[in-house]
Amino acid sequence: MPSFAHDDAATPLLSDKRKDREFSYIFMRISLPFLQDFADMFGTPTNIDAARAEVSRGQPVAWRKTLRPHPLSTPCSRFLDNIPEWTATDLNTNATAVFEARCEISSGDIHRPIDMGLSSDGNILAISSMGGWKDRIPYIFYYLPNHEEDPYGEFMKQHSITVDLASTIETMILDNERRLVIAADCYRIKSYRCNEPGIPRKEKGGRAMQVHTMDSKGYEGPLAMLLNGRVARAGDGKIGIWDLDSLQTHGDAGKDIIGSKMDEDDIVTWRDDPEDIEPSTGSPVSTTITLQEDQDGTNGGGDSGFVIAKWHRHPSQANIMLSATDKSSGKYHCHALDLEARGKVVSRYLGHGGSVDGFSTSPADPNVFLTWCSDGFARLYDIRQVLPVITMASAKIPDDLPAAVLAHSDGIPFIFTGTRESEHIKLWDVRARGLVYALATGNNSVTAMQWDAGTNSLYAATTCPYIGGTGQHIGYRQARIPKMRRERESDDQQDRDKESMDDDDDDDEDEIEEESEDICWPERAYHAENHFGHVFDAGDHRLYKFSFKMDPSLDMQPYYGSGSLSRGSLW
């Protein structure tokens, strides 16, 4: 659905306005071989060679001919030709690094990600995922970014938890105070305490430990961490709350049964290891909030109830949750619910043309929040206004938008959006109301993102769409890697960029390295090999960390993945 809640003057719709980017690389690969068939189908007399040449002129130019605002801008970024003017002062070095894409990029492989969370102090980063044979086993990967480094110096040290749930992880949250990662399937909630940094694994506190199991039958919606150690989970017309400090635990060894013990035959699962699933039924709910039904029947119990699919703590009021309806309702509501008043609707936010798939807030501004939506748009709201103040389109033809994040650097607001089909991350300058650049993801779709203001870093969990159900690579060909060109010697980087963009048309083609079966590229990748300055294909699900700094090492770039022509299983 087209955006309908914007005003070009006051509350604009922002989009990629590049005029010379009419076609993506994947469109070119699919359409060019069939131009003659299209002409015959519609009976249109066409000079096919001329048509092919015209379409080819609409493809993106090679990265070496694009703008690069600073010599230290990462080659994994691609800037618009007409980026907004940067107005920061010398005190805004962190924000300048973000705007100019000066960053070091590290990465590591993960299982197929579902969601990602970052603790408020940035000390714990957790990813919910599915792995094992046909992605049937739930896992949580977590990292302690501020306290641990990979022993080989390649990426953050990774910890893995095989989650004792019977099915897919539906929702996950973090409890920063208790160092807990809390995950749930449709029936149970499990909590795990992260290891203490610096303690050997064999000593107490040296590894992740199972702490709680909660029985959440009847409460199948999203989780939320409330004040005073309370966990909330939404249900149909009600909210269940568990008080962590009063709940039974699995004991020091993490093996005590909570509630009653389920028989293995009673555990409904599609996992291959049902005997390894912890069998506690779990602690019952401590408190229930029955949602107050609003006058229009959109909030509360009954068939017309407000079924909460996504929610997030209000940026300035701890008792209020920003909430969105389940997509099956077709209503696309976005409300603010007061939990201290039985979930009364205290604000409504309009303008969504699809289901709200997530919220993002920033401690730097308690008056705004960001949503991203199944209609392909991200929207920035002021809590005091019903309609969005800025709307951002994921692409010219809106693409599935599974992730976005509101990021303040030196108090200056930016927004990152991540797409599924177009396989990159975009940066938007909120003050200038414009798109600045795209970041490469190695041909991966973006699943989730988090911003760590403390380290001026962006985390992105991405999914490789070129891995089949049994782990095999699909749809790869030999890569055509552009040969690196020696950068022109010039004292003025802007002059160098201008010269690069003004090269003769005869210099449009990149010279290609000799092809090798060991270096591959997806046939249906959205971008060609020359779209970014650093060429790589992830070849697996991957977590990226973009560390923005004024003097980054450009040697820190993502490694080339293991994508191959072979269709053999990775397991």
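Restrict the check to the stretch 431-447 and report whether at least one residue is touching a strand residue (DSSP E or B) at 6+ places or on another chain (Cβ under 7 Å), of a type in the set (Val, Ile, Thr) and at pLDDT below 95.
No, that holds for no residue.
In the stretch 187-205, the condition of being assigned to a strand (DSSP E or B) and under 21 Å from the mean Cα position of the chain (by Cα) is met by no residue.
Table: residues versus (1) modelled with pLDDT of 90 or more; (2) surrounded by fewer than 21 Cβ atoms within 10 Å (Cβ to Cβ).
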residue: 334; (1), (2): yes, no
residue: 360; (1), (2): yes, no
residue: 369; (1), (2): yes, no
residue: 386; (1), (2): yes, yes
residue: 393; (1), (2): yes, no
residue: 397; (1), (2): no, yes
residue: 404; (1), (2): yes, no
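Annotation for the stretch 150-168: at least one member residue is open to solvent by less than 20 Å² (accessible area, probe 1.4 Å) and either among the small types (Gly, Ala, Ser) or without any contact (Cβ under 8 Å) to a residue 12 or more places away in the chain (or both). One residue stands out among those in the stretch 394-414 that are touching a strand residue (DSSP E or B) at 6+ places or on another chain (Cβ under 6 Å) and part of a strand (DSSP E or B): the one that is nearest to residue 66 (Cα to Cα), which is 414. Restricting attention to the stretch 415-431 and to residues that are under 11 Å from the mean Cα position of the chain (by Cα) and assigned to a strand (DSSP E or B), the residue that is nearest to residue 129 (Cα to Cα) turns out to be 418. Inside the stretch 277-311, residues that are among the hydroxyl-bearing types (Ser, Thr, Tyr), at pLDDT 65 or above and open to solvent by less than 20 Å² (accessible area, probe 1.4 Å) make up a count of 2. Pairs are defined by a Cβ separation below 9 Å, a sequence spacing of at least 6 or placement on different chains, a first member in the stretch 231-248 that is under 15 Å from residue 170 (Cβ atoms), and a second member that is part of a helix (DSSP H, G or I); the pairs so defined are 231/244; 232/339. With respect to the stated conditions, residue 240 is modelled with pLDDT of 95 or more and open to solvent by less than 10 Å² (accessible area, probe 1.4 Å).
Give me the pairs: first residue in the stretch 432-448 and assigned to a loop (DSSP other than H, G, I, E, B), second residue of a type in the set (A, V, I, L, M) and open to solvent by 10 Å² or more (accessible area, probe 1.4 Å), beta-carbon distance under 7 Å, and six or more apart or on different chains, which are they? Correct list of pairs: 433/14. Within the stretch 553-569, can one find any residue that is open to solvent by less than 50 Å² (accessible area, probe 1.4 Å), assigned to a loop (DSSP other than H, G, I, E, B), at pLDDT 65 or above and touching a helix residue (DSSP H, G or I) at 6+ places or on another chain (Cβ under 9 Å)? Within the stretch 553-569, none of the residues are open to solvent by less than 50 Å² (accessible area, probe 1.4 Å), assigned to a loop (DSSP other than H, G, I, E, B), at pLDDT 65 or above and touching a helix residue (DSSP H, G or I) at 6+ places or on another chain (Cβ under 9 Å).
Quick check on residue 410: is it at pLDDT below 95, surrounded by fewer than 21 Cβ atoms within 10 Å (Cβ to Cβ) and more than 16 Å from residue 79 (Cα to Cα)?
So residue 410 does not fit the description; no.
The values are calculated or read from the model by the stated rules, or taken from the named source; none is laboratory data. The structure displayed is predicted, hence computed values, not measured ones. No Cβ is skipped: glycine too gets one built from the backbone with ideal geometry, and neighbour counts run over all protein chains shown. Note: accessible area is taken over every heavy atom of the protein model, side chains too, but ligands, DNA and RNA are not part of it. Shrake-Rupley method; radii C 1.70, N 1.55, O 1.52, S 1.80 Å.
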